[in-house]
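Every read-out reported here was derived from the displayed coordinates using simple, explicitly stated rules and does not represent laboratory data. The shown structure was predicted, so the numbers you read here are calculated from the model rather than taken from an experiment. As a convention, Cβ positions derive from the backbone with ideal geometry for all residues, glycine included, and neighbour counts pool all protein chains shown.
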Amino acid sequence: MTDLAQDLLSSFVVAEAGLNGAKNLGVVNMRKEALDRFEASGFPTTRDEEWKYTNLKPVLKHDYKIMLKSESAVSFGDIKQYLLSDLDTYKLVFINGKYSSWLSESTHQSYDICTFAAALNKYPDVLAEYLGKAAPAGETFVDLNTAFADDGAYIRVKANQTVDKPIEILYITTDENGTSFSQNRNLIIVEQNAEVQILERHQNLGDAESFTNFVSEVFAARDARVSYYKVQNDSDKASLVDNTHVKQATGSNVHVGTYSFGGKLVRNNLHFYSGGEHAESHMDGITIIGDGQTVDHHTLVDHQEPNCYSRELYKGIYLGKSHGVFNGKVLVRQKAQKTNAFQQNDNILLSDKAKVDTKPQLEIFADDVRCSHGCTVGQLDKNALFYLRSRGIPKREAQGLMTYAFASDALEYIKIPQLQKRLNGVIAEKLGINLEFAL
Amino acid sequence: MIKIKDLQARVEEKEILRGINLEIGPGEVHAIMGPNGSGKSTLSSVIAGREDYEVTGGAIDFEGEDLLDLDPEERAHKGIFLSFQYPVEIPGVTVSNFIKTAINESRKGRGEEPMEAREMLAKMREKTALLEMDKSYLSRSLNEGFSGGEKKRNEIFQMAMLEPKLAILDETDSGLDIDALRIVANGVNKLRSEDNAVVVITHYQRLLDYIEPDFVHVLYNGKIVKSGDKNLALELEAKGYDWIKAENA
């Protein structure tokens, strides 16, 4: 067992009674059971099939502070650049894991947009119905999070409601705790025929190493519509394991977009459970990373019912000595006839030192389905590059234009134009080009 | 305008150009003909700066400057344009954004201000009309799903927008039906002036019925083996290339 795992186990004993939800016996038991499972499993290693390509050892070796203080004075000016400035939004801001009411704009008017801490203390019925029902027990990082998480975003949109503006969730780490290990959790419940758009971001503002083990559970009821955008552009000191589990009912439509431009090591475990007919599951993303960075997308679409559609499109652009992993699994259960599943992962290596491991997986137990999957790893087409240059476009701009064109279809499903524009800007910056237009 | 002296080039280990000499002045139209594999496309690629070809000897002087030292984009900024035999498809980049970028990067390369948006738009309108292209072309992805004829027309549209000093049309007639050929040729003719020059690379006489050359050169086995006026093209059309091959065997 690693030192960090030992630290976590002993910290739990001390912290347990002080965690939000400590008066709810159901929650208390859930935490204990989850911790027991973690104690038995420990952290995964590269011998574990699911972690074969991503070695956590270098980021787990730090002496992390586990129970974090949150007393540092973070002003709106410090975080402004991480929010969409040209758009009115609800805001849930967390500093070192704790909710900052000062920086946030929550509501209980037509829908609940508040904190997981509040839910843990005040809504036992909701917890009993939803907590841990999407994120599966037995996954190491989920278990660890279940044991410790006592704050995060809580969003509940009642039937037939459309949230009038997007919700921005921002998790900020400062270096007030030195190296910190954060574990927050979102609980997002979108009831029948309701609609919401969510943006989420983790940001380390300090110079100390940070590790975030994050869980988000999303429940989309009948005909609900959810757009969930994750912008990952953290500092080189920050590592993140994101566990997002989406449970879908009949006719619901959920899109999770993951835009990864930074961080030291980022692992996205994104699971969709398509549990009602005519559900649509969309997941896409762009990864652009450079020297010393790793981004690992592990996705699962579990088709449990007939007549559902899933679309998965991940584009990766790797510069310098970077490492990308894609492992996408589509599971079509026997009952899930007429499933239409599309999966594609395309990668461009812009450097000799960059590396990509890509592994699409299909497991199909139904006989009347349409499933396609594919992956490509390549370089920019030399002929196309010459074509652009022969028209007067300099090499660097031509490469940027082609790379941008390669990636841009993964931005098509974004419903917030301001976010699209922002991402265009980040992509242009990462590719070192000046894009005067959105393609 | 351009002076090519004893130009030799190879791709990998294969010698393709074996000493080309060619001089082109402003206002002139030159046709380069020759059998398959004689080096016609290599010559155009070397002038435009494709890096797959290694120049092993000779020189190209363009308006007093050594062209071989320049990157492809720098050559474009100086006014060299190559209409591709096989234009490349670039999904995700629209024709209008592509041409805007090309024009403004070329202007930047020459130290000029970007073109006003209004002027750009007016020019695009004018040139699409010249080539009888529907305006919907402009919002399509560059060459993606274009027919052979549409691709060639799009090349001449780019030429019209960029207004090069020296335009090299590499088998622009291949894959064109007679109507498209007329439209493309008409476009090229409208763009001719006393200051610019055109090189037409072709197998066949028919394009030269529309774009009348001042000079015709026959390229064979990496060398220009015969030069003449437009009558040489007619002679080739009538007799084929065998007599050229026999003369140079």
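What are the residues whose amide H is under 5 Å from the amide H of A:Glu105, where those residues sit 5 or more places off or on another chain and H is modelled from the backbone?
For A:Glu105, the qualifying residues are A:Lys91, A:Leu92, A:Val93.
Using Cα positions and a limit of under 12 Å, work out the aspartates and glutamates in reach of A:Lys353, with same-chain residues fewer than 8 apart set aside.
A:Asp291
To the nearest 10 degrees, how steep is helix A:417-431 against the longest Cα principal axis of chain A, on a 0 to 90 scale?
Here the helix axis deviates by roughly 60 degrees.
Students often forget the sequence filter, so: which aspartates and glutamates lie under 18 Å Cα-Cα from A:Lys69 once same-chain residues fewer than 8 apart are removed?
Within the straight-line cut-off, A:Lys69 pairs with A:Asp7, A:Glu16, A:Asp150, A:Asp151, A:Asp175, A:Glu176, A:Asp207, A:Glu209.
Please work out the C-alpha center-to-center distance from the stretch A:175-200 to the stretch A:214-281 and express it in whole Å.
One Cα centre to the other: 11 Å.
Under 18 Å between alpha carbons, and skipping anything fewer than 8 positions from A:Lys359 in its own chain: which lysines qualify?
Here the lysines satisfying the reach criterion relative to A:Lys359 are A:Lys52, A:Lys315, A:Lys329.
Placing +1 at every Lys and Arg Cβ and -1 at every Asp and Glu Cβ, with all other atoms neutral, what dipole size does the protein assembly as shown have around its Cα centre, in debye to the nearest 20?
Details: 79 positive and 101 negative charges, 135 e Å.
Dipole of the protein assembly as shown, to the nearest 20 debye: 640 debye.
May I ask you to evaluate 6.51 cos²θ - 1.76 cosθ + 1.60, the Karplus curve with θ = phi - 60°, for each residue of the stretch A:271-276 and list the ³J(HN,Hα) values in order in whole Hz, giving x for glycine and proline?
Along the stretch A:271-276, the couplings run 10, 10, 10, 8, x, x Hz.
What relative contact order, as a whole-number percentage, does the stretch A:3-274 give when Cα pairs under 8 Å and 6 or more residues apart are counted? Don't skip to the end; give the middle numbers.
Details: 640 pairs, mean separation 44.9, N = 272.
About 17 percent, as a whole number.
Hey, got a sec? Which GluC sites (Glu not before Pro) in the stretch B:1-72 land in a DSSP loop and have at most 13 other Cβ atoms within 10 Å?
Numbers: sites: B:Glu12, B:Glu13, B:Glu15, B:Glu23, B:Glu28, B:Glu51, B:Glu54, B:Glu63, B:Glu65; in loops: B:Glu12, B:Glu13, B:Glu28, B:Glu51, B:Glu63.
Loop-located and lightly packed - B:Glu12, B:Glu13, B:Glu51, B:Glu63.
Taking N as the number of residues in chain A, what is its Cα Rg relative to 2.2 N^0.38 Å?
Computed over Cα atoms of chain A, the ratio equals 0.95.
Helices from chain B with mean Kyte-Doolittle at least -1.0 and a Cα length along the axis of 18 Å or more, per DSSP H: which? All intermediate terms of the calculation are to be shown ahead of the outcome.
Details: long enough: B:95-109 (21 Å, -0.51); B:117-130 (20 Å, -0.55); B:148-162 (21 Å, -0.69); B:178-191 (20 Å, 0.66).
Going by DSSP H runs, the hits are B:95-109, B:117-130, B:148-162, B:178-191.
Hey, got a sec? Which GluC sites (Glu not before Pro) in the stretch A:34-141 land in a DSSP loop and have at most 12 other Cβ atoms within 10 Å? Don't jump to the answer; show the numbers that get you there.
Numbers: sites: A:Glu39, A:Glu49, A:Glu50, A:Glu71, A:Glu105, A:Glu129, A:Glu139; in loops: A:Glu71, A:Glu139.
Answer in residue order: A:Glu71.
A:Gln6 to A:Asn29: FRET efficiency via 1/(1 + (r/R0)^6), r the Cβ-Cβ distance, R0 30 Å, to the nearest 0.05? Each step should come with its number before you reach the end.
Working: r = 23 Å, r/R0 = 0.77.
Taking R0 as 30 Å, the efficiency between A:Gln6 and A:Asn29 is 0.85.
Please find, in a Gaussian network model of chain B (springs between Cα atoms separated by less than 10 Å), the residue of B:Ala197, B:Ala238, B:Ala167 whose mean-square fluctuation is greatest.
B:Ala238
Taking only Cα atoms and a 10 Å spring cutoff, compute GNM fluctuations for chain A and point out the largest among A:Ser11, A:Ser260, A:Ser227.
Answer for the Gaussian network model of chain A: A:Ser11.
B:Trp243 label point, 7 Å along Cα→Cβ, cut-off 17 Å on backbone N: hits in the stretch B:20-52?
B:33-35
Roughly how many nanometres apart are two label points built 7 Å out from the Cα toward the Cβ at A:Lys165 and B:Ala59?
The two pseudo-label positions are separated by 6.8 nm.
Please identify, among A:Asp112, A:Asp368, A:Asp234, the residue showing maximal mean-square fluctuation in a Gaussian network model of chain A using a 10 angstrom Cα cutoff.
A:Asp368
If amide hydrogens are placed 1.01 Å from N in the peptide plane, which non-local residues have theirs closer than 5 Å to the one on B:Ile20?
Hits under the 5 Å cutoff: B:Asp6, B:Leu7, B:Gln8.
Inside 10 Å of the C-beta atoms of A:394-406, what's the mean count of C-beta atoms belonging to other chains? Walk me through the numbers before you get to the answer.
Values: counts 10, 3, 1, 4, 6, 0, 0, 7, 4, 1, 2, 9, 4.
Taking the mean over all residues of the peptide, I get 4.
Taking a threshold of 18 Å on the Cα-Cα distance, which of the pairs B:Lys152/B:Lys230; B:Lys14/B:Lys78; A:Lys395/A:Lys430; B:Lys78/B:Lys226; A:Lys158/A:Lys230 fall above it? Provide the component values of the computation, followed by the final result.
Working: B:Lys152/B:Lys230 24 Å; B:Lys14/B:Lys78 30 Å; A:Lys395/A:Lys430 16 Å; B:Lys78/B:Lys226 29 Å; A:Lys158/A:Lys230 23 Å.
Flagged as over cut-off: B:Lys152/B:Lys230; B:Lys14/B:Lys78; B:Lys78/B:Lys226; A:Lys158/A:Lys230.
Stokes-Einstein D for chain B at 10 °C, 1.306 mPa s, Kirkwood Rh over Cα pairs, in µm²/s?
Estimated via Stokes-Einstein, D reaches 85 µm²/s.
Here is the link list: A:Lys61/A:Lys355; A:Lys23/A:Lys165; B:Lys151/B:Lys223; B:Lys165/B:Lys245. Which ones come out longer than 28 Å on Cα distance? Display every interim value, and only then the final one.
Numbers: A:Lys61/A:Lys355 24 Å; A:Lys23/A:Lys165 34 Å; B:Lys151/B:Lys223 30 Å; B:Lys165/B:Lys245 33 Å.
Result: A:Lys23/A:Lys165; B:Lys151/B:Lys223; B:Lys165/B:Lys245 exceed 28 Å.
Where in chain A is the longest stretch that carries no chymotrypsin sites (Phe, Trp or Tyr not before Pro) classed as loop by DSSP and with at most 13 other Cβ atoms within 10 Å? Before the final figure, lay out each step's value.
Numbers: sites that count: A:Trp102, A:Phe365, A:Phe437.
Answer - A:103-364.
Counting other Cβ atoms within 10 Å of each Cβ, which trypsin sites (Lys or Arg not before Pro) in the stretch B:67-139 have at most 14 and sit in a DSSP loop? Intermediate results must be reported in sequence, preceding the final value.
Working: sites: B:Arg75, B:Lys78, B:Lys100, B:Arg107, B:Lys108, B:Arg110, B:Arg118, B:Lys123, B:Arg125, B:Lys127, B:Lys135; in loops: B:Arg110.
Filter output for the stretch B:67-139: B:Arg110.
What are the ³J(HN,Hα) values, in whole Hz, obtained from phi via the Karplus relation 6.51 cos²θ - 1.76 cosθ + 1.60 with θ = phi - 60°, for each residue of the stretch A:310-315 in sequence order, with x given for Gly and Pro?
Once rounded to whole Hz, the list reads 9, 9, 9, 9, 10, 10.
Suppose every K and R has +1 on its Cβ and every D and E has -1 on its Cβ; what is the size of the dipole of the stretch B:130-179 about the Cα centre, in Debye to the nearest 20?
Working: 6 positive and 11 negative charges, 50 e Å.
Around 240 debye, computed over the stretch B:130-179.
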